[in-house]
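Undergrad: If you scroll down you'll find the structure; I have some questions about it.
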Amino acid sequence: MSKPKKHLLLISQVYVPDPAAVGQYMADVAEEMGAQGWEVTVFTSNRGYDDPSLEFPATEIANGVTIKRLPFSSFGKKSILTRLVGQGIFCLQAILRGLFLPKVSSILVTTSPPIGGMVGWFISLIRRIPFNFWVMDLNPDQAIAQGVVGPNSLPARIFDFFNRRLLKRASRIIALDEFMAANVRKKTPNLNGKILVLPPWPLEQALEIIPRDKNPFLKKHQLEDKFVLMYSGNHSPVHPLDTFLGAAKALANDERFVFLFIGGGKGKQAVDDVIASKEPGHIVSLPYQPLDQIKYSLSAADIHLVSMGAPMIGCVHPCKFYGSMVLAKPILYLGPPDSHIGKIIEETDAGWQIDHGETGKMIEVIKIASQDPALDSIGEKGRQKILSSLSKQQLCNKFCQAISPDPFE
């Protein structure tokens, strides 16, 4: 008689069709685990993370995955209070449902919400089942680096108290880069056998290289004859945009250049404020694009902008970087060279690294790049890196094998 399938429970406050990257990665894993023979259930929010006016079905089965969306779990990102309320309600519901969901064999949680690891730890502890912890950003380290809390504050100490316990109990810990893994190791000794360093893969199912002359996005936004520098994704304070905006103002008299900012997040206000002030500069702000449209928006860029605040190295990891590479777009990276992204840029020569505040250097790079007939070949170097070692097929399969190799064992 054949053995029953194992049952994986995934817990994430965001999930497709929400455009947030974390939800897309969780969907990739859920669907791949289902394809490998697992029964998969997802607990997520029933409303959009960035736009809570978007409401999704309470229960559905999509691509072999059972999705259960929990009510009152997202109230938007307008304030810290609304985020905390949504996160708290989501976590309480996930714990209660997770304790009674039948025949769960294993759990996968991520850092969406930031206390998601504690949810997995508690269910695992009570039900005596393994759980896997996907560290996509690291707290309280991120909050400390932002100055939101002090390193010795009560919230930080409480957070790390639970961090130490959940890291000890986790069967597998997945960190996005070596810098993040090093910070995880500092929290609890003897984790080396549990930690897998695995970067996020490009979200290839939504990406496609669209030729410039066949891209409706360019025509819609009157960009056909412009040199487009694009920042697309979460505009977070951990990814400072000041130098990009400074370059846009400095190039205001050059009609060739447009700085296009697509997405949402708290840091988007800085962009909108510059536009509202009517200061010189060809700056365009757009909301998140639907998943079925991002192949057009991302292909519209001549150069993709990526930012990483220096204090955030080892705390966060910009996933947008890999989408730019798979589309063969040159990358203008604003951040420290001693970082995961900085090292890939140096290794592949697929773009440029500039420190924060170096507005003059950025302007020089942009002007030279706009006249470079070999610009496409710079982006192609990044694409070749993806194809050789960072593709979705390679990394997602490795991830799923790491959290459990056999759905029937």
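The values are calculated or read from the model by the stated rules, or taken from the named source; none is laboratory data. All of these numbers come straight from a predicted model, not from anything done at the bench. So basically every Cβ, Gly included, is an ideal-geometry build from the backbone, and we count neighbours across all protein chains shown.
Undergrad: Please list, ordered by residue number, the helices (runs of 4 or more DSSP H) wholly in the stretch 305-409 having 1 or more residues that are under 24 Å from L10 (Cβ atoms) and in contact with a Gly (Cβ under 8 Å, 6 or more places away or on another chain).
TA: Values: elements: 320-326, 340-348, 359-370, 375-385, 392-403.
Those helices (runs of 4 or more DSSP H) span 320-326.
Undergrad: What tally of residues in the stretch 250-273 results from selecting those that are over 18 Å from A369 (Cα atoms) and in contact with a Ser or Thr (Cβ under 9 Å, 6 or more places away or on another chain)?
TA: Qualifying residue count, the stretch 250-273: 9.
Undergrad: I need a count of the residues in the stretch 368-379 that are in contact (Cβ under 8 Å) with a residue 40 or more places away in the chain and either loosely packed, with under 15 Cβ neighbours inside 10 Å or of a type in the set (A, V, I, L, M) (or both).
TA: Result for the stretch 368-379: 4.
Undergrad: Sticking with this one: In the stretch 173-227, how many residues are among the hydroxyl-bearing types (S, T, Y) and under 29 Å from D302 (Cβ atoms)? I'd like the intermediate steps shown before the answer.
TA: In the first step, residues of the stretch 173-227 are kept if they are among the hydroxyl-bearing types (S, T, Y); the result is 188.
Then drop every residue that is not under 29 Å from D302 (Cβ atoms), which leaves none.
Adding up the residues that qualify gives 0.
Undergrad: Note down all Cβ pairs under 6 Å where the first residue falls in the stretch 263-286 and is in the same structural domain as M230 (by TED's automatic domain parsing), the second is outside any helix (DSSP H, G or I) and of a type in the set (D, E, K, R), and they're at least six residues apart or on different chains.
TA: What qualifies is G264/D50.
Undergrad: Please pick out the residue among S339, S299 that is in the same structural domain as K220 (by TED's automatic domain parsing) and within 24 Å of F257 (Cβ to Cβ).
TA: Details: S339 fails: within 24 Å of F257 (Cβ to Cβ).
When all the criteria are applied, what remains is S299.
Undergrad: Among all residue pairs at least 6 apart or on different chains, which show Cβ distances below 7 Å where the first residue, located in the stretch 87-109, is within 22 Å of Y25 (Cα to Cα) and the second is among the basic types (K, R) and buried (at least 18 other Cβ atoms within 10 Å of the Cβ)?
TA: Close Cβ pairs (under 7 Å, with a partner that is among the basic types (K, R) and buried (at least 18 other Cβ atoms within 10 Å of the Cβ)) amount to S105/K6; S106/K6.
Undergrad: How about the stretch 269-279: which of its residues are surrounded by fewer than 21 Cβ atoms within 10 Å (Cβ to Cβ) and either under 15 Å from F244 (Cβ atoms) or within 19 Å of the chain's Cα centre (by Cα) (or both)?
TA: Within the stretch 269-279, the subset surrounded by fewer than 21 Cβ atoms within 10 Å (Cβ to Cβ) is 269-270, 272-273, 275-279.
Those that are surrounded by fewer than 21 Cβ atoms within 10 Å (Cβ to Cβ) and either under 15 Å from F244 (Cβ atoms) or within 19 Å of the chain's Cα centre (by Cα) (or both): Q269, A270, D272, D273, I275, E279.
Undergrad: Picking from A21, A35, A27, which residue would you name as being crowded, with 24+ Cβ neighbours inside 10 Å and in contact (Cβ under 8 Å) with a residue 12 or more places away in the chain? Give the derivation first.
TA: Values: A21 fails: crowded, with 24+ Cβ neighbours inside 10 Å; A35 fails: crowded, with 24+ Cβ neighbours inside 10 Å.
Among A21, A35, A27, only A27 is crowded, with 24+ Cβ neighbours inside 10 Å and in contact (Cβ under 8 Å) with a residue 12 or more places away in the chain.
Undergrad: Let me ask another. Kindly indicate whether L332 is crowded, with 21+ Cβ neighbours inside 10 Å, under 20 Å from the mean Cα position of the chain (by Cα) and more than 17 Å from H239 (Cα to Cα). I'd like the intermediate steps shown before the answer.
TA: Details: crowded, with 21+ Cβ neighbours inside 10 Å: yes; under 20 Å from the mean Cα position of the chain (by Cα): yes; more than 17 Å from H239 (Cα to Cα): no.
Against the criterion (crowded, with 21+ Cβ neighbours inside 10 Å, under 20 Å from the mean Cα position of the chain (by Cα) and more than 17 Å from H239 (Cα to Cα)), L332 does not qualify.
Undergrad: Separate question: For the stretch 85-108, how many residues are in a helix (DSSP H, G or I), among the aliphatic types (A, V, I, L, M) and closer than 23 Å to C400 by Cβ?
TA: Step one: filter the stretch 85-108 for residues in a helix (DSSP H, G or I), giving 85-100.
Restricting the remaining residues to those that are among the aliphatic types (A, V, I, L, M) gives 85, 89, 92, 94-96, 99.
Those still in the list that are closer than 23 Å to C400 by Cβ too: 94.
So the answer is 1.
Undergrad: Could you check, for the stretch 359-380, whether at least one of its residues is among the polar types (S, T, N, Q), modelled with pLDDT of 95 or more, under 21 Å from the mean Cα position of the chain (by Cα) and more than 24 Å from K295 (Cβ to Cβ)? Reasoning before the result, please.
TA: From the stretch 359-380, those among the polar types (S, T, N, Q) are 359, 370-371, 377; that's our starting set.
Still in the list and also modelled with pLDDT of 95 or more: 359, 370-371, 377.
If we keep only those that are under 21 Å from the mean Cα position of the chain (by Cα) as well, we get none.
No.
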